[in-house]
Structure formats: structure tokens, C-alpha cells
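Inspection log for the structure reproduced underneath, given as C-alpha cells.
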Amino acid sequence: MSEILIIEDDMAIQNLLKVALKQEGYGIKGVATAREGIDYTVANVVDLVILDLGLPDMDGIFVVNVIRDFSESLPIIVVSARSDEAEKIKCLDAGVNDYVQKPFSTAELMARIRAALRHRAHTEQASVFENGSLKIDYAAHSVYLDGKEVHLTNYEYKVLCVLAQNVGKTLTHNFIISKVWGAGGNDANGLRVFMAGIRRKIEKGPYMQEFIRTDVGVGYRMNRIE
Ligand code: CA
């Protein structure tokens, strides 16, 4: 079941969307502020975001920028009352998948959601990362070691993906934190706890650094395994 996050402060529209999406069999979460939307997206598995631009705390475009910082592929559909072309182009430049003008037809929006989800499934089909005995299946959100599935928490998975996407490169604590939690969303000590959790699950022993190497005082690196 695809999980859809609705970030919309107009409760009448949020409820209308919830009813329509539920009928289509989607899992739904609705929030009314940009902050809640960002927090939810980072901490949960979300397959598509429906986003209003005029939110009480921040402009919706900020949400797009934050999401695109950690996910290139999460589909975002803007549903907005703003009608000028410049606004629409700004959204598309920021990496929005689609732009639907309010008032909208529910049937049309559903069709666009299906298209965005199909597109994502297609682009992620080939996205499997392999490094030695470690494998990440991005589309399935699954990690395997020697062919056996490793169960990571959501944050552990996100940290591992950032390292994998930059394999062979030392990443600073701040870089990893900003990709996973957003800037200032965690600190080096907090990150260390997640790293320890990941290592317990993928390394052969507590002090082994076959996959993830610590660069003391700098950050972490995923070793490229030949
Ligand atoms: Ca609004």
C-alpha cells in the first residue's frame, strides 16, 4: 500500500483529499504545517507528498527544498491556489513532479498521483546498490548481507543510504546529519548512536570497520569493497 502525506492547512481540502485517497486504497497522513510535514517525511516511509504552498509557518517551496536534499525521487505534487506561471516554474525548478491548480478535479488529481507513483516505481526499478556482501534495494527499502535481510530502523536505513550513495568518500557529521535529519536536526553524538546500531547489524564484530570506517573527528566513510 502506498503511503501518501498531505501537507495542507485548509481542513476542508485536507478532508476531501483523505476521503478520495482512502477510497483508492492509499495509506494517508494529514498535517497542517510545513514543520510537521518535514518531520513526518524524515521519520516515516512516505511514497508521495501532496503539498499546499500557502502554509501557516513557512512557504511550501521550503518543504520541497528540504525533501529534495535527502530524496531525489520522492514524488511531490503541489496543489495550490496560486495561478501565476512564475510560481509554477519556481516549483518545477525546485524539483516538484507536478502542479495542480485549485480548485481541482479529484479524478484528475488521482490520475496524476497514479502517474507519479508509476514513474517512481519505474525509476527505482534498477536502483540496487551492491558493495561486497552488502546490498541495498532502494525500491524495496531493504538491506541484505550475504543474501540475508538485515532489519534496520528507518533512520539507520537513511544513514546507510547516504553513506552508500557516497561510497569511498568521507562524509562529515554535519553532511550526514543534514541529509538525514535536516540541518541541526541531530549532533555527532546522536549520529554515533545510529552508526553503532548499523555496525552491530552489518559488521562481523564490534570493532570491525569492513563497511563503515570512522575518520576520527571528521566523520564516516563507506569503504568500497573490491
Ligand atoms: Ca493554505
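Details
- Considered as a group, the residues in segment 166-187 that are among the hydrophobic types (A, V, I, L, M, F, W, C) and surrounded by 14 or more Cβ atoms within 10 Å (Cβ to Cβ) include one that is nearest to D39 (Cα to Cα), and that residue is W181.
- On inspection, S73 passes the criterion of being closer than 21 Å to M110 by Cα and away from the ligand (no atom under 15 Å from the Cβ).
- Test: residue in segment 61-69 that is more than 16 Å from the ligand (Cβ to nearest atom), acidic (D, E) and either under 12 Å from the mean Cα position of the chain (by Cα) or surrounded by 18 or more Cβ atoms within 10 Å (Cβ to Cβ) (or both): yes
- Residue count for segment 95-106 satisfying the condition of being assigned to a strand (DSSP E or B) and surrounded by fewer than 14 Cβ atoms within 10 Å (Cβ to Cβ): 1.
- Subset tally (residues that are open to solvent by 40 Å² or more (accessible area, probe 1.4 Å) and modelled with pLDDT of 95 or more) for segment 136-145: 1
- Test: L92 is closer than 16 Å to A116 by Cβ, open to solvent by 40 Å² or more (accessible area, probe 1.4 Å) and in a helix (DSSP H, G or I): yes
- Residue-level check: of (1) surrounded by 14 or more Cβ atoms within 10 Å (Cβ to Cβ); (2) touching a residue at least 24 places away in the same chain (Cβ under 8 Å); (3) more than 12 Å from the ligand (Cβ to nearest atom); (4) farther than 16 Å from M110 by Cβ, A43 misses just (1).
The values are calculated or read from the model by the stated rules, or taken from the named source; none is laboratory data. None of the values given here were measured: they were computed from a predicted structure. All Cβ positions, glycine included, derive from the backbone under ideal geometry; neighbour counts span all protein chains shown. When the accessible area is computed, the model is the full protein with side chains, heavy atoms only, and any ligands, DNA or RNA have been set aside. Shrake-Rupley method; radii C 1.70, N 1.55, O 1.52, S 1.80 Å.
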